[in-house]
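Undergrad: One structure follows; several queries about it will come next.
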Amino acid sequence: MKDVAAHAGVSQSTVSFVLNGMVGMRIAAETRQKVLNAVAELGYRSRGAGRPPNTLSKRVIGFMLDEISTSPFAAISIDGAQEEARKHDALLEIVMTGGDPDYEAAALRKWAADGVNGVIYGSILTRKVAPPDMLTRHRAVLLNCYDGTDRYASVVPAERRGGEAATKALLAQGHRKIAFISGEPWMDASRQRKEGFKRAMQKAGLEIDPALVREGNFLPSGGRSATLDLMKSGTRPDAIFCANDLMAVGCYEALKELGERPGETIAVMGYDDQEIAQHLSPALSTVLLPHREMGQWASLVLLDETSRPPVQARMECPVVLRASHG
């Protein structure tokens, strides 16, 4: 749908409204036709295409998240879980708890009384969690988190392998002096992406220059300030690997302030593959976080009662090469 929107030159919301036949929307006929033309040219097929209405069974999955509005990845994982549930004629019920244990317990009691087929217990940040005791009354999987006791199956991104793959992509372009801007060190994602960077450099037989490592904050401001600091350190990097795309935005800003050309005079790599990555100039090479696939995996495990999932699945984070790493 994102590709259709870009091809038609409209927002993704417009594409959604057109394809779902939403009435009452003041979308011009010309705009509708542009969307339909893009659909035909790209061969897009809606995930719900061909499904007759009112065929849902009584199977229900509960999806509990601590946060939704603070990150785009919550919506992506919900979309993946919903897509898989729909394939199996099941409903997805979503609760956002804000991490409130009483609210979690109330929702889990309701789902136990309703006899849901299972519960996805998710976190917006990849981290170790202490799931509520009430979760033991359900078949459950943990999404983007883990409990450390092997009581529940869980799925998280393979962050170290993602960091390693991104660094290898920079090395493959001939870059040797690679700077790294981390996120806040208390975050699993920040720490593991940095470990992947170090592993790739060590496998290539390269020393990591402490002058080329900076701590950021996963925000554009952190990427900008860390890049400015790097560029006056006395050791000029060939490439800068930012541990998320938002810091890469700040990195671009700083490089352009200094008269550099991202992707030409200095390569830049991001991480997350957020929407903004493809709209930067040049388009940002980055690493995809597989939240959709993780949501699909969680629903499938709960709906396939014969499955025996691994204790902790680590889902690949593929590199998305665009123009900035060259």
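Undergrad: Just how far, in whole angstrom, is the stretch 130-154 from the stretch 258-326 if you go by their alpha carbon centroids?
TA: Cα centres, the stretch 258-326 to the stretch 130-154: 25 Å.
Undergrad: Convert each backbone phi in the stretch 94-100 into a coupling constant with the Karplus relation 6.51 cos²θ - 1.76 cosθ + 1.60 (shift: θ = phi - 60°), then list the ³J(HN,Hα) values in order as whole Hz, x for Gly and Pro.
TA: 10, 10, 9, 9, x, x, 6
Undergrad: For the stretch 111-218, restrict the atom set to alpha-carbon positions and state the Rg and Dmax in Å.
TA: Gyration radius and largest Cα-Cα distance of the stretch 111-218: 18.5, 60 Å.
Undergrad: Can I ask one more? For residue 221 paired with residue 59, estimate the spin-label separation in nm (one decimal), with each label point 7 Å from Cα along the Cα-to-Cβ line.
TA: If labels sit at residue 221 and residue 59, their model points lie 4.7 nm apart.
Undergrad: Keeping all protein chains in place, calculate the accessible area per residue for the chain (probe 1.4 angstrom), answer in Å². Can you show the working numbers first?
TA: On the way: 15670 Å² over 326 residues.
Value for the chain: 48 Å² per residue.
Undergrad: Follow-up question, since we're still on this one. Mind jotting down a quarter of the surface of the convex hull over the alpha carbons of the stretch 146-270, in square nanometres, one decimal? Before the final figure, lay out the partial values.
TA: Working: hull surface 31.7 nm².
Quarter of the Cα hull surface area: 7.9 nm².
Undergrad: Here's something else I'd like to know. For the residue pair residue 70 and residue 113, what label-to-label distance in nm results when each label sits 7 Å from Cα along the Cα-to-beta-carbon direction?
TA: Between residue 70 and residue 113, the simple spin-label model gives 3.0 nm.
Undergrad: Which three numbers, in whole Å and largest first, are the semi-axes of the equivalent ellipsoid of the chain derived from its Cα gyration tensor as √(5λ)?
TA: On the way: eigenvalues 276, 150, 52 Å².
Semi-axes from the Cα gyration tensor: 37, 27, 16 Å.
Undergrad: Still on this model: Show me the trypsin sites (Lys or Arg not before Pro) within the stretch 146-234 that DSSP assigns to loop and that have at most 11 other Cβ atoms within 10 Å of their Cβ.
TA: 232
Undergrad: Which distance in nm do the two modelled labels at residue 41 and residue 133 give, with both placed 7 Å along the Cα-to-Cβ direction?
TA: Simple spin-label model gives 6.1 nm for this pair.
Undergrad: Mind checking which of 190, 136, 154 is farthest towards the positive end of the stretch 133-193's charge dipole, using Cβ charges of +1 (Lys, Arg) and -1 (Asp, Glu) about the Cα centre?
TA: The Cα lying farthest towards the positive end belongs to 190.
Undergrad: Calculated from DSSP H runs of 4 or more alone, at -39500 (n - 2.57) each and per residue, what is the 222 nm mean residue ellipticity of the chain, nearest 500?
TA: Calculated from helices alone, the mean residue ellipticity at 222 nm is -12500 deg cm²/dmol.
Undergrad: Could you tell me what percent of the accessible area of the chain is made up of carbon and sulfur, with a 1.4 Å probe and every protein chain present?
TA: 50 percent
Undergrad: May I pose another question? Report the charge-dipole magnitude of the stretch 2-161 in Debye, nearest 20, computed about the Cα centre from +1 at each Lys and Arg Cβ and -1 at each Asp and Glu Cβ. Spell out each step's value before the answer.
TA: On the way: 20 positive and 18 negative charges, 97 e Å.
Computed charge dipole of the stretch 2-161: roughly 460 debye.
Undergrad: Then there is this: Give the dimensionless ratio obtained when the Cα radius of gyration of the stretch 99-157 is divided by 2.2 N^0.38 Å.
TA: Values: Rg = 11.0 Å, N = 59, 2.2 N^0.38 = 10.4 Å.
Normalised by 2.2 N^0.38 Å, the Cα Rg of the stretch 99-157 equals 1.07.
Undergrad: Where nothing but the Cβ of Lys and Arg (+1) and of Asp and Glu (-1) is charged, how large is the charge dipole of the stretch 113-226 around its Cα centre, in debye to the nearest 20?
TA: Dipole of the stretch 113-226, to the nearest 20 debye: 420 debye.
Undergrad: Same structure again: Which three numbers, in whole Å and largest first, are the semi-axes of the equivalent ellipsoid of the stretch 49-143 derived from its Cα gyration tensor as √(5λ)?
TA: Numbers: eigenvalues 105, 59, 20 Å².
Semi-axes from the Cα gyration tensor: 23, 17, 10 Å.
Undergrad: Let me ask you something else. Taking just the alpha-carbon atoms of the stretch 213-326, what radius of gyration and Dmax come out, in angstrom?
TA: 17.4, 59
Undergrad: OK, next. Taking 0.36 nm per intervening residue step and subtracting the Cα-Cα distance, what contour gain separates residue 184 from residue 31 on full extension?
TA: The residue 184-residue 31 span can extend by a further 50.8 nm.
The values are calculated or read from the model by the stated rules, or taken from the named source; none is laboratory data. What you see is a predicted model; the values in this text were computed from it and never measured. Counting neighbours? That spans all protein chains shown, and the Cβs are built from the backbone with ideal geometry, glycine included. For the accessible areas, the whole protein counts, side chains as well, though only heavy atoms, and no ligand, DNA or RNA atoms are used. Shrake-Rupley method; radii C 1.70, N 1.55, O 1.52, S 1.80 Å.
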